[in-house]
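See below for the structure under consideration.
Just so it is clear, none of the values below were taken in a lab; they were calculated from the coordinates. Since this is a predicted model, take the numbers as computed values, not measurements. Note that we place each Cβ from the backbone using ideal geometry, even for glycine, and neighbour counts take in every protein chain shown.
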């Protein structure tokens, strides 16, 4: 995937205006500089006519000059990823990258090379979800991880004895990365899928359904999650702050799911629901 | 001891929709910050303003940690939204010249007040009206202080 890059210099008072106008023609994020702004857009979403209309409207007033470039999508997170610490989750789980030394005597070692995907165990939501998983019966169970990122949660479910594990994500980078991580953890038989839960349309029901995404997505997709959980099965949700639990619970309750466990870390929350 | 600040980044990102694409990815990544951590936090904190472009000021520390403050939406974005409501424009991507009322300018000024320390309402409204003029948006009717 390629991005078009526009380095725009202009009078200071027009930076905000140009950003607002460009947001109307498909640009969704901007870097503000002292003498202008940087705007990027995926090549296939770019409308050059609309973009030029915006520039033409302000070009003389704002003293605009534009430098256009092109940028290939690469792993911009390499700087952080090449130098972070492994993390222990309780006594039993140790999450490390390939460049970290293995740790002796750990029951479940997970190797994650994240490559700009979410889920290294460092974020509170991942940490809490791993902890919840440790408390659930896995042997012989069917597990699905929705919005799987690096695949870390699916990997722990596999290591805890799940009979089958399915996982998918909307980001093609996560899918590639998830599959690499599955291989690193002896799960090359599992292939991460691409898409939202409605696009992937998983078949059958699961003993454990996992989703660490965000409040808006969880609320939107709750009706699907509910259908995926077997009677007596569990739904694990995270990706929201503790003050948002009330909204999540209102939604799960309307689908007949009851809360059985909740943990909070750094104001982030992870909740386990059970279906009757 | 307070952590040493090594720099700041000013981004504008749609609420609830931060992802590692440029400029977020390269801007944060080149400073050694964990992009994924920023996106998760930003999206959770701005989920109520899904899709609205929000300025965010990120403070970077020497240990590669960061924190950030989300500001109110820029006046220019709020003006575009207000002009659309008034004109009922069905062409959001084109033809943005329009008009807003002083009541709408006041509403925008009220939204912006938290970021305009100690500004009087009249001064804030004049500033918003100035931005509107630069954008070719006229403010219809008489200003409250002219009545």
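A few comments on the model shown:
- Once C-alpha pairs closer than 8 Å and six or more residues apart are averaged by separation and normalised to the residue number of chain A, the relative contact order reads 12 percent.
- For B:65, B:21, order by how many other beta-carbon atoms lie within 10 Å, fewest first: B:65, B:21
- Partner shielding of A:8-19 amounts to 3, given as the average count of beta-carbon atoms from other chains within 10 Å of each residue beta-carbon.
- For the stretch A:119-275, the relative contact order is 22 percent, taking Cα pairs closer than 8 Å that sit 6 or more residues apart in sequence and dividing their mean separation by the residue count.
- Residue with peak Gaussian network fluctuation, chain A [Cα springs, cutoff 10 Å], from A:156, A:18, A:236: A:18
- Cα shape, the stretch A:81-172, gyration tensor, a/c 1.5 rule: oblate
- Rounded to 10°, Cα long-axis angle of helix A:215-228 versus longest principal axis of chain A: 40 degrees
- Listed from fewest to most Cβ neighbours within 10 Å, the set A:76, B:102 follows the order B:102, A:76.
- Taken along its three principal axes, the alpha carbon spread of the protein assembly as shown comes to 75, 48, 45 Å, from the longest extent down to the shortest.
- Shielding by partners, peptide A:174-181 (average Cβ within 10 angstrom, other chains): 0
- Mean partner shielding of peptide B:35-47, defined as the number of other chain Cβ atoms within 10 Å of each residue Cβ, is 6.
- Degrees between helix A:245-254 axis and first principal axis of chain A (Cα, 0 to 90, nearest 10): 60 degrees
- Relative to the longest principal axis of the Cα atoms of chain B, the long axis of helix B:35-45 makes an angle of roughly 40 degrees.
- For chain B, alpha-carbon Rg relative to the globular expectation (2.2 N^0.38 Å, N residues): 1.24
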